[in-house]
Amino acid sequence: MKNWIVVTGASGSMGRVAVKKMAEEGYPVVMACRNLEKGEAIRQEILQEVPGAVIEQIELQLASRESVRQFVNALGDRKIAGLFNNAGIKNSRYHVAESGIEHTMEVNYLAPALLTILLTPLFETGARIVNMVSLTTKYAHIDINWPEWGSDRFSQLRTYGSTKLAFLYFSIAYARQNPSLFVNVADPGIVDSNMISMDKWYDPLADIFFRPFIKTPEQGVRSALSALHTEKQLCYFVGKKENPIPSRFLENKLVEQLWQQLRELLNLSL
């Protein structure tokens with residue numbers, strides 16, 4: 001039997017598609033879900049659609065580092081063929097996670113980085129790690145002090161983009177530390193999901209005039225599915241296209257600086 005695929009945010013629209021596609025290919029899949037009730041309903045649906053599929057659900061609360069560690073422990077010694085870091089959040093207001101770090105940063109960057117690092121001993125040689133970034137990454141800006149930015153520098157879109165940029169830098173550093181793994185990033189574009197809601201008065205109007213013209217979850221997850229099958233390293237997948245991650249990211253000094261900073265923020269010896 002093939003080794004396991006782990007999908008975070010598996011109860012979301014793109015997560016569901018990814019779980020089903022990998023199950024159809026004969027992979028056993030672990031659904032990492034925050035909402036177990038919703039996740040179980042989706043698991044049962046996929047089991048009906050893909051007879052013989054092997055799908056398990058394990059709780060994962062990315063706002064809690066203890067939950068991340070419990071998730072990894074629950075996997076036991078099973079070997080992992082692929083990890084799709086799909087889960088993410090776009091907060092409309094400033095608040096902090098259990099760690100004391102701003103919540104968006106914790107969920108979109110630090111927690112999936114911690115998860116990936118802790119799973120490293122379970123990855124088979126040539127395992128695929130796919131980290132979801134965003135088109136906002138291209139316009140975001142961070143510096144080495146950004147974990148200390150307070151509520152006065154919080155902005156829904158800017159903060160979200162900053163976390164995705166940091167996750168891109170993490171992907172580069174992690175790939176260099178683990179050359180036997182295929183580490184890549186995927187950009188889904190603008191997808192018809194809860195992530196496009198801004199928690200603003202104009203959301204209902206956007207649903208009417210904007211949603212019908214954006215990507216479906218099936219279209220949005222296509223880039224990540226391509227990355228889960230590649231034998232390339234450090235590529236940027238968008239739609240049907242794949243290109244090397246641009247040199248302005250690969251050669252940025254923040255790659256190494258943020259990697260070293262993780263030691264302190266995650267209390268890890270890397």
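The values are calculated or read from the model by the stated rules, or taken from the named source; none is laboratory data. Quick caveat: nothing in here was measured; it's all calculated off a predicted structure. Neighbour counts are summed over all protein chains in view; Cβ atoms, including those assigned to glycine, are modelled from backbone coordinates with ideal geometry. These area figures cover heavy atoms from the full protein model, side chains too; ligands, DNA and RNA do not enter into them. Shrake-Rupley method; radii C 1.70, N 1.55, O 1.52, S 1.80 Å.
If amide hydrogens are placed 1.01 Å from N in the peptide plane, which non-local residues have theirs closer than 5 Å to the one on M132?
Close amide H contacts, sequence-distant or interchain: N85, A186.
Under 16 Å from the Cα of K253, which aspartates and glutamates turn up, not counting those fewer than eight places away in the same chain?
The reachable aspartates and glutamates, counting only those whose Cα sits under 16 Å from K253, are D143.
Among T8, G161, G100, pick out the residue whose Cα is farthest towards the positive end of the charge dipole of the chain, where Lys and Arg carry +1 and Asp and Glu carry -1 on C-beta, about the Cα centre.
Going by the Cα projections, it comes out as G161.
Give me a comma-separated list of calculated 3J(HN,Hα) values for region 182-190, in order, Karplus coefficients 6.51, -1.76, 1.60 applied at θ = phi - 60°, integers in Hz, x for any Gly or Pro.
9, 10, 9, 10, 9, 10, x, x, 8
Probe radius 1.4 Å, ligands and nucleic acids left out: which of I80, I117 has the largest accessible area, and how do the rest follow?
Final ranking, largest accessible area leading: I117, I80.
Leaving ligands, DNA and RNA out of it, work out the accessible area of T125 with a 1.4 Å probe and give it in Å² to the nearest 10.
Counting only protein heavy atoms, T125 exposes about 120 Å² to solvent.
Using only C-alpha atoms and all pairs of different ones, pull out the Kirkwood radius for region 57-159 in Å with one decimal. Show your work: numbers first, answer last.
Numbers: mean 1/r = 0.0669 Å⁻¹.
The Cα-based Kirkwood calculation yields 14.9 Å.
³J(HN,Hα) across region 60-69 via Karplus (A = 6.51, B = -1.76, C = 1.60, θ = phi - 60°), whole Hz, x for Gly/Pro?
9, 9, 5, 7, 10, 5, 5, 5, 4, 5
Let me know the longest stretch in the chain that avoids all GluC sites (Glu not before Pro) found in a DSSP loop with at most 16 other C-beta atoms within 10 Å. Write out the running numbers ahead of the final one.
Working: sites that count: E25, E98, E231, E251.
Within the chain, the longest run free of exposed GluC sites (Glu not before Pro) spans 99-230.
Taking Cα atoms of the chain, Rg/Rh with Kirkwood Rh, to two decimals? Numbers along the way, then the final one.
Working: Rg = 17.5 Å, Rh = 18.7 Å.
So for the chain, dividing Rg by the Kirkwood Rh gives 0.94.
Please give every one of the aspartates and glutamates within straight-line cross-link reach of K21, meaning a C-alpha to C-alpha distance under 14 Å, and leave out same-chain neighbours fewer than 8 residues apart.
Excluding near neighbours in sequence, the set is E45, E49, E218.
With every protein chain left in place, what is the accessible area of R248 in Å² (1.4 Å probe, nearest 10)?
140
In debye, nearest 20: dipole of region 1-160 around its Cα centre with unit charges on the Cβ of K, R (+) and D, E (-)?
Details: 17 positive and 17 negative charges, 70 e Å.
Around 340 debye, computed over region 1-160.
Let me spell out the model: positive unit charges on the Cβ of Lys and Arg, negative unit charges on the Cβ of Asp and Glu, origin at the Cα centre of the chain. What dipole size does that give, in debye rounded to 20?
560
Could you name the lysines in cross-link range of K164, using Cα to Cα under 16 Å and dropping any fewer than eight places away on the same chain?
K90, K138
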